[in-house]
Amino acid sequence: AYERKLVELGLPDYADLIHKSSDALEDRSVAFPFTHVMVDEYQDISKDRQRLIEAMRIANPEVELTLVGDDWQAINRFAGSDLSIMRSASKPKFDRKVVPLGETHRFPQSLANFSSKFIQENPAQLRKEITSQSPVSSSETLFLHWNTELGENLENLKQVLKFIGSGNTSHRSEEHTSE
């Protein structure tokens, strides 16, 4: 229905825009005067979007690229993202400098350690040490809230959200929390 409506209205979809832009840059039918391009969330790059970046380099060989990505945050494989593109871009054969970022301000060191151990169980993940810069105390305990009395996942989730949303941090009965 979506594609039929686009045809009916004579409009391109997102992929069409990327392909037509790449074509125009590759055949140099449009000028590309930019000398600096920064691509954020590069871990979510797809082959089509990578083609657009390469087309920019064809249109202006002097363009300098800054690619910012974290393979630990790659979540868009369902939308065509291909993490191997980011990994390939960081290989020594390219004239690129890789700057590892190992600090987090989002959570305490205890959670950084826990999540790092979990993520690095995947042998394809790049190895790195995460150091917390969070003002939250590392002595805080990570609690997983789950009401196991209810059989349905949706009902469990509703109860957990209700409990967490109540602001009640002192209640630690077994039916609501487990470590």
Being assigned to a loop (DSSP other than H, G, I, E, B), under 23 Å from Leu67 (Cβ atoms) and either without any contact (Cβ under 8 Å) to a residue 12 or more places away in the chain or open to solvent by less than 50 Å² (accessible area, probe 1.4 Å) (or both) is the filter here; which residues of segment 101-116 pass it? Gly102
Out of (1) free of Cβ contacts under 8 Å to residues at least 40 places away in the same chain; (2) in contact with a helix residue (DSSP H, G or I) (Cβ under 8 Å, 6 or more places away or on another chain), the one Glu8 does not meet is (2)
Scanning segment 31-40 for residues that are surrounded by fewer than 11 Cβ atoms within 10 Å (Cβ to Cβ) and over 24 Å from the mean Cα position of the chain (by Cα), which turns out nearest to Ala74 (Cα to Cα)? Thr35
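Any chance you could count how many residues in segment 12-28 are in a loop (DSSP other than H, G, I, E, B), in contact with a helix residue (DSSP H, G or I) (Cβ under 8 Å, 6 or more places away or on another chain) and open to solvent by 40 Å² or more (accessible area, probe 1.4 Å)?
Just the residues of segment 12-28 that are in a loop (DSSP other than H, G, I, E, B), to begin with: 12-13, 27-28.
Narrowing the set further to residues that are in contact with a helix residue (DSSP H, G or I) (Cβ under 8 Å, 6 or more places away or on another chain) leaves 12-13, 28.
Within this subset, residues satisfying the condition of being open to solvent by 40 Å² or more (accessible area, probe 1.4 Å) are 12, 28.
Final tally of qualifying residues: 2.
Rundown of residues vs (1) among the aromatic types (Phe, Trp, Tyr); (2) more than 17 Å from the chain's Cα centre (by Cα); (3) over 30 Å from Pro135 (Cα atoms), yes/no style:
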position	(1), (2), (3)
Met56	no, yes, yes
Val68	no, no, no
Asp82	no, no, yes
Phe114	yes, yes, no
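Can you tell me which residue is most open to solvent (accessible area, probe 1.4 Å) among those in segment 41-70 that are outside any helix (DSSP H, G or I) and closer than 18 Å to Tyr14 by Cα? Even if it seems obvious, please write down each step before you answer.
Here is the first cut: in segment 41-70, the residues outside any helix (DSSP H, G or I) are 41, 45-46, 60-70.
Next, only the ones that are closer than 18 Å to Tyr14 by Cα stay: 41, 45-46.
On the way: Glu41: 89, Ile45: 10, Ser46: 11 Å².
Looking at the filtered set, the residue picked out is Glu41.
This table checks each residue for (1) assigned to a loop (DSSP other than H, G, I, E, B); (2) at pLDDT 75 or above; (3) not charged (D, E, K, R).
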| position | (1), (2), (3) |
| --- | --- |
| Phe118 | no, yes, yes |
| Glu121 | yes, yes, no |
| Ser134 | yes, yes, yes |
| Ser137 | yes, no, yes |
| Thr141 | yes, no, yes |
| Asn156 | no, no, yes |
| Asn168 | yes, no, yes |
| Ser173 | yes, no, yes |
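How about segment 26-50: which of its residues are touching a strand residue (DSSP E or B) at 6+ places or on another chain (Cβ under 9 Å) and not small (Gly, Ala, Ser)?
Step one: of segment 26-50, the residues touching a strand residue (DSSP E or B) at 6+ places or on another chain (Cβ under 9 Å) are 35-40, 42-46, 49.
Once the filter is applied, which keeps residues that are touching a strand residue (DSSP E or B) at 6+ places or on another chain (Cβ under 9 Å) and not small (Gly, Ala, Ser), segment 26-50 yields Thr35, His36, Val37, Met38, Val39, Asp40, Tyr42, Gln43, Asp44, Ile45, Arg49.
The values are calculated or read from the model by the stated rules, or taken from the named source; none is laboratory data. This is a predicted model, so every value here is computed, not measured. As a convention, Cβ positions derive from the backbone with ideal geometry for all residues, glycine included, and neighbour counts pool all protein chains shown. We work out accessible area using only protein heavy atoms, side chains counted, and drop any ligands, DNA or RNA first. Shrake-Rupley method; radii C 1.70, N 1.55, O 1.52, S 1.80 Å.
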